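**Q** My structure is below; once you've seen it, I'll send some questions.
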Amino acid sequence: MRPLAAKSSTIEGTNPSLAIVDEYHLHPDNSVYSALELGQGARPEGLLFAITTAGSNTISACKQHYDYCCQILDGTEKNESIFILIYELDDENEVDDPNNWIKANPNIGKSIPYKDFENTITKARGIPSEWVEMLTKRFNVWCNGATPWLGEGNWKQCERQYHEQELQGQACYMGLDLSSTNDITSLCYAFPQGNKVRLLTRHYIPEYQLQNVANKNRAIYRNWERMGWLRVTKGDCIDYDRIRDDIFKDAETFEIKMIGFDVWNATHLRTQLQGYGLEVEPFPQTYQRYSPVAKSAEVLINRQMIEHNGDPVLSWALSNVVMESDANANIKPNKKKSANKIDPAVAFLMALGTYQLEYGDLAFEMSDDYKQQLATFTGIDL
């Protein structure tokens, strides 16, 4: 037995008696599977195993193979050379009934206790981005990866009544998203408030986009401008000088500790901000940088430790966010898969991540019930 690199070019020419393809759903294409299958052509008794959970890419090679196997099982296709064994729920709604869990987990209660499944489901209900991961890994339910990141209700519960003037003189951390030059661009301030964080946002839009018939958001953009949530810059491109001047003005009102920015889109503005005496910190658009921040944000929002002033632009952007994940369940925003603009939400995550560079995760207060349970805890009987 020896492991093979996940590249078909290094597998071509092999002649295995037994080949095992693990986590097939993560393969970008069918090249590795095909190379192994064809490599067994001279071995009539050769075996090729494909072992995998379901995944979130419904157009992947694995999903196509899965669909073909289902057609064999229901009798619409015939292929005696393939042995198929699939453990899965028949429908996502079956998650609610523990009696159905054994369909996808024949060894439940032995290798994995029921309690572990209960805890996973409870957590996934509170952290929406983990729902797809739970369905695919625990219950073998194929999902479309485009699942909204946050539930609207949790974010709504974080709304508080406060005014910008109340934040004057306070320390804050800023996230600056300049990814778009011809549509909405945002910056977000995160103000530490004890064991909570209070947000303040600025959003910019080129004047041209308010009248552009090709822009599907123009009507709501005009409404937000009238309400004062959207700042309009002249022309058909974002005026970065206007954003710079607004930041300089804010620096006279607030104590801006640090600014997080995307290194690919803010080189000139970064130099100007540094020249003004502001500290700037690169915020790479990577899984490593985004995942801990996004997962922390989910928990903080669920616990109402993030506070916002009802900004409809930010709320709209957060409702559009779809997270993409890697093989290790790290997540980051995916602008291509998201239903609409997410730039304000990205600015929020960058602000929170920049804040956490200095403060780390917010501390959670233990409830009285948990304090009582801890006080009476005498240990575990083994």
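The values are calculated or read from the model by the stated rules, or taken from the named source; none is laboratory data. Predicted model only: the values in this text are computed from it and were never measured. Reconstructed Cβ throughout: ideal geometry from the backbone, glycine too, with neighbour counts over all protein chains shown. These area figures cover heavy atoms from the full protein model, side chains too; ligands, DNA and RNA do not enter into them. Shrake-Rupley method; radii C 1.70, N 1.55, O 1.52, S 1.80 Å.
**Q** Where nothing but the Cβ of Lys and Arg (+1) and of Asp and Glu (-1) is charged, how large is the charge dipole of the chain around its Cα centre, in debye to the nearest 20? Intermediate values should be presented prior to the final figure.
**A** Details: 37 positive and 52 negative charges, 120 e Å.
Its charge dipole is roughly 580 debye.
**Q** Quick one: accessible surface of Thr271, probe radius 1.4 Å, all protein chains present, in square angstrom to the nearest 10.
**A** 90
**Q** Show me, bin by bin at 20 Å from 0, the whole-percent P(r) of the chain based on Cα pairs.
**A** So the P(r) values, bin by bin, are 23, 45, 28, 4.
**Q** Continuing with the same structure: Can you tell which of Gly260, Gly41, Gly126 shows the greatest fluctuation in a Gaussian network model of the chain with Cα springs below 10 Å?
**A** Gly41
**Q** Mind jotting down the distance between the C-alpha centroids of segment 235-312 and segment 106-126, whole Å?
**A** Between the Cα centre of segment 106-126 and that of segment 235-312, the gap is 39 Å.
**Q** Under the rule a/c < 1.5 gives rounded, and otherwise a/b versus b/c splits prolate from oblate, where does segment 195-340 land using the Cα gyration tensor?
**A** Details: a/c = 1.44, a/b = 1.13, b/c = 1.28.
The shape class here is rounded.
**Q** Okay, next question. Within straight cross-link reach of Lys216, meaning Cα distance under 19 Å, which lysines are found once same-chain residues fewer than 8 apart are removed?
**A** Cα-Cα hits under 19 Å: Lys335, Lys336, Lys337, Lys341.
**Q** Further, regarding this structure: Could you please put Ser291, Ser81 in sequence from largest to smallest accessible area, using a 1.4 Å probe? Write out the running numbers ahead of the final one.
**A** On the way: Ser291 5, Ser81 100 Å².
Of Ser291, Ser81, the descending order of accessible area is Ser81, Ser291.
**Q** Most fluctuating residue of Glu80, Glu133, Glu12 in a GNM of the chain with Cα springs under 10 Å: which is it?
**A** Glu80
**Q** When you count, for each residue, the other Cβ atoms within 10 Å and take the mean per peptide, how do 15-21, 91-97 rank with the highest first? Mind showing how you got there, number by number?
**A** Details: 15-21: 14.6, 91-97: 12.3.
Going by the mean number of other Cβ atoms within 10 Å, highest first, we get 15-21, 91-97.
**Q** For the chain, what is the calculated [θ] at 222 nm in deg cm²/dmol (nearest 500), taking -39500 (n - 2.57) for each run of four or more DSSP H residues and dividing by its residue count?
**A** On the way: 13 runs with 137 residues, N = 382.
The helix-only estimate for the chain comes to -10500 deg cm²/dmol at 222 nm.
**Q** Right, here's the next one. Under a Cβ-Cβ cut-off of 10 Å, what is the net charge of the residues other than Ser31 that fall near it, where Lys and Arg count +1 and Asp and Glu count -1? Show your work: numbers first, answer last.
**A** Working: positive: Lys7; negative: Glu12, Asp29.
Summing Lys and Arg as +1 and Asp and Glu as -1 gives -1.
**Q** Filter the trypsin sites (Lys or Arg not before Pro) in segment 1-101 down to the DSSP loop ones having no more than 15 other Cβ atoms within 10 Å, then list what survives.
**A** Working: sites: Lys7, Lys63, Lys78; in loops: Lys7, Lys78.
Within segment 1-101, the qualifying trypsin sites (Lys or Arg not before Pro) (loop, at most 15 other Cβ atoms within 10 Å) are Lys7, Lys78.
**Q** Write down the accessible area per residue of the chain in Å², having rolled a 1.4 Å probe over the full set of protein chains.
**A** Working: 20950 Å² over 382 residues.
Ligands and nucleic acids excluded, the figure is 55 Å² per residue.
**Q** What's the magnitude of the charge dipole for segment 60-216 around its Cα centre, counting Lys and Arg as +1 and Asp and Glu as -1 at the beta-carbon? Answer in Debye, nearest 20. Walk me through the numbers before you get to the answer.
**A** Numbers: 15 positive and 22 negative charges, 123 e Å.
Dipole about the Cα centre, nearest 20: 600 debye.
**Q** Which residue, Arg231, Arg43, Arg202, has the most motion in a Gaussian network model of the chain that connects Cα atoms within less than 10 Å?
**A** Arg43
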